[in-house]
Amino acid sequence: MRVLVCGSRPGAKIYDAEYGFFVNGAISKAHLGKFKKIYQVVAKNAFIKASKSTKDYDVVWRSQVVLKNVSHIDHILFVGKGDFENFSSVYNDFGGQLDGLSFEDVQPESRNEKVKKVCSIDIPVGFFVSLKLLARFHFLPFYESLRYFFSGIANNDDCPGLFRPSNGVYALVEAIDRFGADFEYYLVGVGIHFYDYQYDVDGVAYKRKKALRPHLLADIAILQKLSKYNVFVDDVFVSDLCGLKLIKDDSDED
């Protein structure tokens, strides 16, 4: 049996599965596959910021795409700090109803505990693990990012993006926690791009500015640990770097 986890990288192929986890704007692709149940994993701040009429498309598109595709969703996991009830008010502004939808509030503490349970990694990813990864990939010019560990705020707020998983990788952790080691997990549309990378906004590709990718260190550390599960990926680089099996195209099945 299979679980599909789909991130927002453009061009991801959708495979049929018993369960589908779609991250942020990737929900627009859910209709391309067959699933018994669809989970939406979305950053909570997308709806909080969108409701304040922000002009930051990087968060506004997530709420708008989710709202447009809400009919495909069975269960929503709102990940991050803050109040997830914002979704109700934003959704109602569109004249919609929430009948049949279930919701889950995933605060940073809960996310961190689940990562620890599934892959034995502490979030934030530790100082020496982070330093080792920065050195391995010749990112030492970004050593200043490690100042977080000496700032004294670690226990008072969610950690910076580099040291916590992306929603795509967290969705995989969530899926494994729910369905266990007997399932196959297809991770598509999730890349580990060091600098420039693209994400899909309802069929339109956007590119971030050149910078060290958010969540890079945590994603690498977690995916390497998840290689003990039956995880398959659609990205050759992720497969080689993290020791995960590469998906073999099953388009001829059935």
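The values are calculated or read from the model by the stated rules, or taken from the named source; none is laboratory data. These numbers were taken from a predicted model, which means no experiment stands behind them. Every residue, glycine among them, receives a Cβ derived from its backbone with ideal geometry; neighbour counts consider all protein chains shown.
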Do any residues in the stretch 1-26 that are under 27 Å from LYS44 (Cβ atoms) and modelled with pLDDT under 95 have Cβ atoms under 8 Å from those of residues that are surrounded by fewer than 20 Cβ atoms within 10 Å (Cβ to Cβ) and of a type in the set (S, T, N, Q), where the two are at least six apart or on different chains, and which pairs are they? ARG9/GLN198; PRO10/GLN198
Taking LYS29 as the residue in question, decide whether it is assigned to a loop (DSSP other than H, G, I, E, B) and either surrounded by 21 or more Cβ atoms within 10 Å (Cβ to Cβ) or modelled with pLDDT of 95 or more (or both). no
Which residues, counting only those in the stretch 189-230, are of a type in the set (Gly, Ala, Ser), surrounded by fewer than 17 Cβ atoms within 10 Å (Cβ to Cβ) and either at pLDDT 85 or above or part of a loop (DSSP other than H, G, I, E, B) (or both)? GLY203, ALA211, SER227
Kindly state which helices (runs of 4 or more DSSP H) lie completely within the stretch 89-179 and contain at least 1 residues that are hydroxyl-bearing (Ser, Thr, Tyr) and at pLDDT 90 or above. 108-119, 167-179
